[in-house]
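Written out below as C-alpha cells is the structure these notes cover.
The values are calculated or read from the model by the stated rules, or taken from the named source; none is laboratory data. On a predicted model such as this, the values are computed, not experimentally measured, just so you know. When we count neighbours, we look across all protein chains shown, and the Cβ atoms used for this are built from the backbone with ideal geometry, even at glycine. Calculation scope for accessible area: heavy atoms of the full protein, side chains included, ligands and nucleic acids excluded. Shrake-Rupley method; radii C 1.70, N 1.55, O 1.52, S 1.80 Å.
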Amino acid sequence: MTTTTTPTTPALASQALCYEWIKFRSVRSTVWTTAATAALPVLGAVFVAATGSLQPDDTVLGGSLTLSVVAQMLAAVVGALVVTGEYSSGTIRTTFAAVPRRGTVLAAKAALVAAVTYVLALLSCSAAYVVGSAMLPDGRYAQGEPLPALFGIAASFAVAAVLGLAVGTLVRHSAGAVTTVIGVLLLPSLFGPLFGDGLSPTAALEKLTQTSDATADTVGSLGPWPSLLLVTACTTALTLAALLLLRRRDV
C-alpha cells in the first residue's frame, strides 16, 4: 500500500521559497528590473557629484541618493511583477498545485522580494554614499548621518517591494498593478498632508536620506523612523487583505 506524506509547515515553506527563488531568477523582467533598482542609486550619485547639482542646504547623503526614489519605485514594480507575471503566463496554477496553501505561497514571495531588495538596496545605497562622499568637495555640504539611516533606507525598499506584491496580488494584471503601485508611491508626495503624514514609502525614504526636499509640506512632519513604521504597518495590512482575497477567489 502506498502512503503519501504531507510536508510539515517549515518544510513546505522552505520548498515554496526555493520555488520562488528559481522563478525569480528565471524571469527576465524581474531580473532586469532588479538590476536597474540596484544600479540607479550609484549612477545618480555619480551624476549629481559630476554636475554639482546639489542645493546649498542639501546633505552629501541626500544628494548621493537623489535617484533612490526612482529606484524604490522599481523595487515596488519588482514586487508586483513577481505575482502578476505568473497570472499573465498562467503558471500561477502550477504554483498552487505544487504548494496548495496559498498563504504559504504569498509569504514565500513576500520574504523573497523583501530579502532581495533589502540586501541590494543596502549595498547599492551604501556604495552611492561612498561615491558621493569621494566625488563631492570636502566641507561644502553637510555630511548627513548615514548610520543607521542606510539600514532604514534599505528597509523602505523592502517595504515598497512587498507593497508592490500586495497590489499585484489584488490587481493580478501587470500594467494595472504597476500603474497602481507607482500612484500609491507618488500621490502622497505630490499632495502632501492631504494623504496623511508622510504615508508612503517614498516619503519615509526622503526623510531617511535627509534631503532638503523632505519638507513638512511635502512629506509630513512625522519623523523618519516613525514614518517608516507607519508605512510598514499599512503595507502589512494591505498584504493581509491581499491574502484574504487570494484565498477566496479562483485562480
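Volume per residue for the chain equals 127 cubic angstrom (convex hull of Cα atoms). Taking the C-alpha atoms only, the angle from helix 146-171 to the longest principal axis of the chain is near 40 degrees.
Ordering of 129-139, 146-156, 59-69 by packing is 59-69, 146-156, 129-139, highest average first (other Cβ atoms within 10 Å, averaged per residue).
Leaving out ligands, DNA and RNA, and with a 1.4 Å probe, what % of the accessible surface on the chain is carbon or sulfur? Of all accessible area on the chain, carbon and sulfur atoms account for 68 percent.
Heavy-atom accessible area with a 1.4 Å probe sorts Glu20, Glu145, Glu206, largest first, into Glu145, Glu206, Glu20. Each of Thr104, Thr202 has its accessible area taken with a 1.4 Å probe; listed largest first, they run Thr104, Thr202. The figure for Arg249 is an accessible area of roughly 60 square angstrom, using a 1.4 Å probe on the protein chains alone. Within the shell of other residues whose beta carbon sits under 13 angstrom from the beta carbon of Val105, the net charge comes to +4, with Lys and Arg scored +1 and Asp and Glu -1. Look at the alpha carbon pairs under 8 Å that are at least 6 residues apart: their mean separation over the length of the chain gives a relative contact order of 24 percent.
For Ser212, the residues whose modelled amide H falls within less than 5 Å of its own, excluding neighbours fewer than 5 places apart on the same chain, are Thr59.
Put simply, the convex hull of the Cα atoms in the range 9-85 casts, on average, a shadow of 6.8 nm². Note that the range 78-167 carries a Kirkwood radius of 15.1 Å, evaluated over its alpha carbons pair by pair. Distances between placed amide hydrogens fall under 5 Å for Ala142 paired with Val60, all partners being 5 or more residues away or on another chain. Per residue, the range 1-146 exposes 50 Å² of accessible surface when a 1.4 Å probe is rolled over the protein heavy atoms with every protein chain present.
Against the chain, whose longest principal axis is taken from its Cα atoms, helix 28-51 shows a tilt of about 0°. Charged side chains reduced to their Cβ positions (Lys and Arg at +1, Asp and Glu at -1) give the range 7-100 a dipole of some 420 debye around its Cα centre. Its alpha carbons considered, the range 1-148 gives a radius of gyration followed by a Dmax of 20.4, 79 Å. Taking the charge dipole of the chain about its Cα centre, with +1 at Lys and Arg Cβ atoms and -1 at Asp and Glu Cβ atoms, the residue from Ser64, Ala45, Ala75 reaching farthest to the positive side is Ala75. When you restrict to C-alpha pairs under 8 Å that are six or more residues apart and normalise by the size of the range 1-109, the relative contact order lands at 35 percent.
Phi angles of the range 82-93 translate, via the Karplus equation with coefficients 6.51, -1.76, 1.60 and θ = phi - 60°, into HN-Hα couplings of 4, 9, 5, x, 6, 5, 5, 8, x, 6, 4, 5 Hz per residue; Gly and Pro are given as x.
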